[in-house]
Amino acid sequence: MKKGTRKLIFAAALLIIAVAFTTPAQAHALNIIPMQLEMYSTSATPVYASPDVFSPIVTYLDRFLNVRVTGITENGFFQVDLNGAFYIPGAYLVPKVEKEKSSYQKAHERLDEVTEVYRTQLQMMDGVWSKFALKDVTGDGVPELIDDAGKEIYSCYDDGDHIRLVILYYSENPVTFYYSKNNNKLLGKYRWNDKDYWEVYNRDTTFVPWGQFRCVSTDASAYKGNAATIERDRDNNQETRNDLYNILHEMFGLGKEHSEEKENK
């Protein structure tokens, strides 16, 4: 190989290396249009030292954090004030946060499914439960299904795809349930050896996401004054089961009139 050719190849190699290892230092010289906005981060939002994806990432932001935007670059980065000027790619910030729907809102929107889940359970217990109660005992606005003996409490759980029946409480021994709305506290009273005993329950979500009621105290004195007995006042018969949508509709505060319109469609 000729000497001149070798020099040319060597120079080209040096140029390639120089380009490969050059930091995009010119990136932060991009034009920035000033603005003042309040926006919100999305999951694992990267914060860059300069408006270039090859610049160092200073930190990652958690979801739903309020971020003050002070400008936007011509290549689509937001300039943000985080005790100094930093840069976030435009796709990672949103103008508003959609709050997660509550259990009440989810059940409200899928009331047909909630009704069917409870109706199926009541149908299975036909001849076993002569009475039952529908009462919100968790404070989320969704009524729970309680058997006539005071041994079982069921609720509905939205796993994102389906509404399904879950059990919040089970006991071999019957309990008279009381609920204090002021304290959002479920109480139970049972009799043993000719003496009444009280239990105070908390909803424990340690093992299952929908939670289970567990006794945390036998001293109910702080709640008894505000607690009302949960009456099993509904008949478990075909007529009640057929009308269950309307019953739940009213309990959700939606009104029976709208429910009848829905059924007539």
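The values are calculated or read from the model by the stated rules, or taken from the named source; none is laboratory data. All figures in this text were calculated on a predicted structure; none of them were measured in a lab. Glycine gets a Cβ as well: all are built from the backbone with ideal geometry, and neighbour counts include every protein chain shown. Calculation scope for accessible area: heavy atoms of the full protein, side chains included, ligands and nucleic acids excluded. Shrake-Rupley method; radii C 1.70, N 1.55, O 1.52, S 1.80 Å.
Taken one residue at a time, the phi angles of segment 63-74 give Karplus couplings (6.51, -1.76, 1.60, θ = phi - 60°) of 6, 6, 8, 6, 10, 8, 8, 10, x, 9, 8, 6 Hz. Gly and Pro are set to x.
Past the 27 Å Cα-Cα mark, which pairs from K135/K189; K101/K135; K96/K181; K96/K135?
Working: K135/K189 17 Å; K101/K135 21 Å; K96/K181 34 Å; K96/K135 35 Å.
Beyond 27 Å: K96/K181; K96/K135.
At a probe radius of 1.4 angstrom, the accessible area of segment 127-265 per residue rounds to 56 square angstrom.
Coupling constants for segment 115-122 follow from the phi torsions by the Karplus curve (6.51 cos²θ - 1.76 cosθ + 1.60, θ = phi - 60°), and in residue order they are 4, 5, 4, 5, 4, 4, 5, 5 Hz; glycine and proline get x.
Using only the heavy atoms of the protein chains and a 1.4 Å probe, how would K135, K96, K106, K195 rank by accessible area, largest first?
Values: K135 80, K96 135, K106 60, K195 115 Å².
I get K96, K195, K135, K106, largest accessible area first.
Just round it to a whole percent: the fraction of Cα-Cα distances in segment 114-265 exceeding 25 Å. Tail fraction, whole percent: 32. Scanning residues 5 or more positions from I72 or on other chains, those with amide H under 5 Å from its amide H are I33, M35, Q79, with H placed 1.01 Å from N in the peptide plane. Each residue of segment 157-172 is assigned a 3J(HN,Hα), and the resulting list reads 10, 9, 8, x, 10, 9, 8, 9, 7, 10, 9, 9, 8, 8, 8, 6 Hz, derived from the Karplus form 6.51 cos²θ - 1.76 cosθ + 1.60 (θ = phi - 60°), x at Gly and Pro. Counted by Cβ distance under 15 Å from F177, the other residues give a net charge of +3, where Lys and Arg count +1 and Asp and Glu count -1.
Segment 122-172 and segment 93-117 have Cα centres separated by 20 Å.
The label-point distance for K99 and F64, in a model that sets each label 7 Å from Cα toward Cβ, rounds to 0.9 nm. Counting heavy atoms of the protein chains alone, D112 has an accessible area of about 80 Å² for a 1.4 Å probe.
Measure off, as a whole percent, the carbon and sulfur share of the 1.4 Å-probe accessible area of segment 72-147, all protein chains present. Using a 1.4 Å probe with all protein chains present, segment 72-147 comes out at 50 percent carbon and sulfur.
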